[in-house]
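Shown next, in structure tokens, is the structure this report addresses.
The values are calculated or read from the model by the stated rules, or taken from the named source; none is laboratory data. Quick caveat: nothing in here was measured; it's all calculated off a predicted structure. So basically every Cβ, Gly included, is an ideal-geometry build from the backbone, and we count neighbours across all protein chains shown. Side chains are part of the model used for accessible areas, which takes the heavy atoms of the whole protein and leaves out ligands, DNA and RNA. Shrake-Rupley method; radii C 1.70, N 1.55, O 1.52, S 1.80 Å.
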Amino acid sequence: MLYDVFNGDADGIFALHQLRLSSPVDHAELITGVKRDIALLNRINTARSSIITVLDVSLDKNREALDELLQNDNTILYIDHHFAGDIPFSAALEHHIEPSAETCTSLIVNQMLQGRFSKWAICGAFGDNLHEQANKLAADASLSEEERNILQEIGELFNYNGYGARLKDLLFHPADLYRAVRSYTDPFHFHEATDLVNRLKNGYEEDMAKAMGQKCIDGSEVNRIYRFPAASWSRRIAGVFSNLKAREKVDAAHALIVENDDGTLQISVRAPLVNRKNADLLCRNFPTGGGRSAAAGINNLPAEMLEEFIAAFNTIYRQDSNGSNTKT
């Protein structure tokens, strides 16, 4: 049995796409979900004698299931850029894990494949808000400004689709987005041949118009905090809105609070783009928190802990006397 396990955002989808363009398989079972559904190995923890590829989900959040799978005669390839903690030693585990704020899984796969499908890696990097790295790859590939803009649009819209508390929040199931691209070697051919990008764009524009009408609830210092109501549009646009605000004010840290239907709060954190650090350290201090140093989140923060979170956020990201954002 073959399993392809991947995050449902742009980075996970385009990392898998590059791998499968390089090493095609006909019958892998796709295991994915909304962007924040990262404990994906729990779904297959009883698998035996299988080949499993895992992309763009934290090993630390899948440790117990990974240990079970390694004990059950499975061969596992694990590629990721999130905090991993201690990595199990096993001849059955091949890992390429780089928890750096300056990379993503699509870029790691691009390095592994020596740039064979770098245009798709550019899509993944744009989707993960790594514009500098995406633009460098685009320049290396001698892409025009129009071509670069197309790849940016694909990446950011696929990333937008991954956000939601549940699959019904999304415009498309992430597995269906992967299936839509997997027959295309060239992202420009994909962009021309289907209306999927336009359908995503229409949803994005409607959601972003609502988001831009929301006020900043805490912007007294350099950092900014926003709060959105419990709604599918709020959950869909949360990540892309956070990335947009981060690029808009690169020396600021940003937090977006989205109300969940059960009364808990979903938190998205973006470290300042000039100092991509400590978002994961902040969020892991709270229940259901995790992520990477540049961007992290909390899935279900108890409402009574919000003031504690805001205090911790403003402590870990404080403005120094020169106006720079530094960790206390």
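Observations on the structure shown:
- Residue 145 open to solvent by 10 Å² or more (accessible area, probe 1.4 Å) and more than 23 Å from residue 270 (Cβ to Cβ): yes
- Looking only at residues in the range 259-271 that are modelled with pLDDT of 95 or more and more than 16 Å from the chain's Cα centre (by Cα), the one that is most open to solvent (accessible area, probe 1.4 Å) is 264.
- Among residues of the range 236-256, those that are open to solvent by less than 40 Å² (accessible area, probe 1.4 Å), part of a helix (DSSP H, G or I) and under 21 Å from residue 282 (Cα atoms), counted: 8
- Failed item, numbered, when residue 196 is tested on (1) buried (at least 19 other Cβ atoms within 10 Å of the Cβ); (2) among the hydrophobic types (A, V, I, L, M, F, W, C); (3) touching a Leu at 6+ places or on another chain (Cβ under 7 Å): (3)
- Of everything in the range 276-293 that is out of contact with any helix residue (DSSP H, G or I) (no Cβ under 6 Å at 6 or more places or on another chain) and under 14 Å from residue 100 (Cβ atoms), the residue that is least open to solvent (accessible area, probe 1.4 Å) is 279.
- Flag for residue 101 being within 21 Å of residue 22 (Cβ to Cβ), surrounded by 17 or more Cβ atoms within 10 Å (Cβ to Cβ) and within 15 Å of the chain's Cα centre (by Cα): no
- Failed criterion for residue 191 (all others in (1) assigned to a helix (DSSP H, G or I); (2) farther than 30 Å from residue 22 by Cα hold): (2)
- Exclusive hit being over 18 Å from residue 15 (Cα atoms) and surrounded by 21 or more Cβ atoms within 10 Å (Cβ to Cβ), set 125, 165, 91: 165
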